Amino acid sequence: MLMLAGIVLLHITTIILLLVAAIDNAWWVTNTVSTDLWGRWELANSAWHYTNLKDYPEEYLQAVQATTVLACIFAILALFVFVAQLFTLPKGQRFTFSGILQLISCLCIMIAASIYTAELHPNETAGGFGHSYVLAWISFVLTFILAITYLILRKKSE
């Protein structure tokens, strides 16, 4: 029971990290600019102003946006499937479907962070990657661990 609670808690934590990475405005930060996947906040006259992301290659930006949203959706879906499988899966069977959904979530966030790294700020020296970007990579690791856990885990046969 303790292991089950730990897995569910880790899964919920991973979902929260994925959502914060997708929503928060700190993928790329400088002293006067904070950029997320959806827009850019610029500091002017001691006030932050929201602008569109017009300087980014649109196809790469849309790929990052889409795969980040898909990672969130698949992680949430994997949690619901895992809970459903707890009640419906025959004893001794593996949580394969939950593991596959979590692995897809893992791949989606990895693709998003990789494209963002390689294509959206390749030569910029002013500024750096923000905490949302770091959370995306941490979410990748956690979703991968959960996917492996689900693929190995069997429903207790007692």
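Looking at region 134-158, I want the residues that are assigned to a strand (DSSP E or B) and have a partner that is of a type in the set (S, T, N, Q) with Cβ atoms under 8 Å, at least 6 apart or on another chain. Which pairs are those?
Arg154/Gln93
Search region 14-26 for residues that are in contact (Cβ under 8 Å) with a residue 12 or more places away in the chain and pair each with any residue that is in a loop (DSSP other than H, G, I, E, B) and open to solvent by less than 50 Å² (accessible area, probe 1.4 Å) when their beta-carbon atoms are under 6 Å apart and the residues are at least 6 apart or on different chains.
From region 14-26, the pairs are Asn25/Asp36; Ala26/Gly130.
Based on this model, can you work out whether Trp48 counts as outside any helix (DSSP H, G or I), within 18 Å of Ala136 (Cα to Cα) and either open to solvent by 60 Å² or more (accessible area, probe 1.4 Å) or modelled with pLDDT of 90 or more (or both)?
Details: outside any helix (DSSP H, G or I): yes; within 18 Å of Ala136 (Cα to Cα): no; either open to solvent by 60 Å² or more (accessible area, probe 1.4 Å) or modelled with pLDDT of 90 or more (or both): yes.
Against the criterion (outside any helix (DSSP H, G or I), within 18 Å of Ala136 (Cα to Cα) and either open to solvent by 60 Å² or more (accessible area, probe 1.4 Å) or modelled with pLDDT of 90 or more (or both)), Trp48 does not qualify.
With (1) out of contact with any helix residue (DSSP H, G or I) (no Cβ under 8 Å at 6 or more places or on another chain); (2) open to solvent by less than 10 Å² (accessible area, probe 1.4 Å) as the list, and Phe80 as the residue in question, which single condition is left unmet?
If we test Phe80 against (1) out of contact with any helix residue (DSSP H, G or I) (no Cβ under 8 Å at 6 or more places or on another chain); (2) open to solvent by less than 10 Å² (accessible area, probe 1.4 Å), just (2) comes out false.
Kindly indicate whether Ala26 is touching a Leu at 6+ places or on another chain (Cβ under 8 Å), within 27 Å of Leu146 (Cα to Cα) and not basic (Lys, Arg). Talk me through it step by step, then tell me what you get.
Values: touching a Leu at 6+ places or on another chain (Cβ under 8 Å): no; within 27 Å of Leu146 (Cα to Cα): yes; not basic (Lys, Arg): yes.
Criteria not met by Ala26.
Name the single residue that is most open to solvent (accessible area, probe 1.4 Å) among those in region 84-99 being in contact (Cβ under 8 Å) with a residue 40 or more places away in the chain and in a helix (DSSP H, G or I). Reasoning before the result, please.
Of all residues in region 84-99, those in contact (Cβ under 8 Å) with a residue 40 or more places away in the chain come to 85-86, 89-96, 98-99.
When the remaining residues are screened for being in a helix (DSSP H, G or I), the result is 85-86, 96, 98-99.
Working: Gln85: 24, Leu86: 47, Thr96: 63, Ser98: 0, Gly99: 0 Å².
Here the answer is Thr96.
Please identify the pairs in which a residue from region 34-49 that is touching a residue at least 12 places away in the same chain (Cβ under 8 Å) has its Cβ atom under 9 Å from the Cβ atom of a residue that is in a strand (DSSP E or B) and of a type in the set (Lys, Arg), counting only partners at least 6 apart or on another chain.
Close Cβ pairs (under 9 Å, with a partner that is in a strand (DSSP E or B) and of a type in the set (Lys, Arg)) amount to Ser34/Arg40.
With the requirement that a residue be among the small types (Gly, Ala, Ser) and either crowded, with 16+ Cβ neighbours inside 10 Å or on the phi > 0 side of the Ramachandran plot (or both), what does region 1-38 give you? Give the derivation first.
First, pick out the residues of region 1-38 that are among the small types (Gly, Ala, Ser): 5-6, 21-22, 26, 34.
Scanning region 1-38 gives Ala21, Ala22, Ala26, Ser34.
For region 1-20, enumerate the residues that are under 21 Å from Ser114 (Cβ atoms) and out of contact with any Cys (no Cβ under 9 Å at 6 or more places or on another chain).
Thr14, Leu17, Val20
More than 16 Å from the chain's Cα centre (by Cα) and of a type in the set (Phe, Trp, Tyr): which single residue out of Phe80, Phe74 fits that description? Walk me through how you get there before you give the answer.
On the way: Phe74 fails: more than 16 Å from the chain's Cα centre (by Cα).
One residue alone meets the criteria, Phe80.
Could you run through region 10-35 and say how many residues are assigned to a helix (DSSP H, G or I) and under 16 Å from Thr51 (Cα atoms)?
In the first step, residues of region 10-35 are kept if they are assigned to a helix (DSSP H, G or I); the result is 10-23.
Okay, now just the ones that are also under 16 Å from Thr51 (Cα atoms), so 23.
The total comes to 1.
Tally the residues that are farther than 18 Å from Leu19 by Cα and either surrounded by fewer than 15 Cβ atoms within 10 Å (Cβ to Cβ) or among the hydrophobic types (A, V, I, L, M, F, W, C) (or both), restricting the search to region 118-144.
We begin by selecting, within region 118-144, every residue farther than 18 Å from Leu19 by Cα; these are 118-128.
Checking the rest, the ones that are also either surrounded by fewer than 15 Cβ atoms within 10 Å (Cβ to Cβ) or among the hydrophobic types (A, V, I, L, M, F, W, C) (or both) come to 118, 120, 122-126, 128.
So the answer is 8.
The values are calculated or read from the model by the stated rules, or taken from the named source; none is laboratory data. All values derive from a computational prediction rather than experimental measurement. Glycine gets a Cβ as well: all are built from the backbone with ideal geometry, and neighbour counts include every protein chain shown. These area figures cover heavy atoms from the full protein model, side chains too; ligands, DNA and RNA do not enter into them. Shrake-Rupley method; radii C 1.70, N 1.55, O 1.52, S 1.80 Å.
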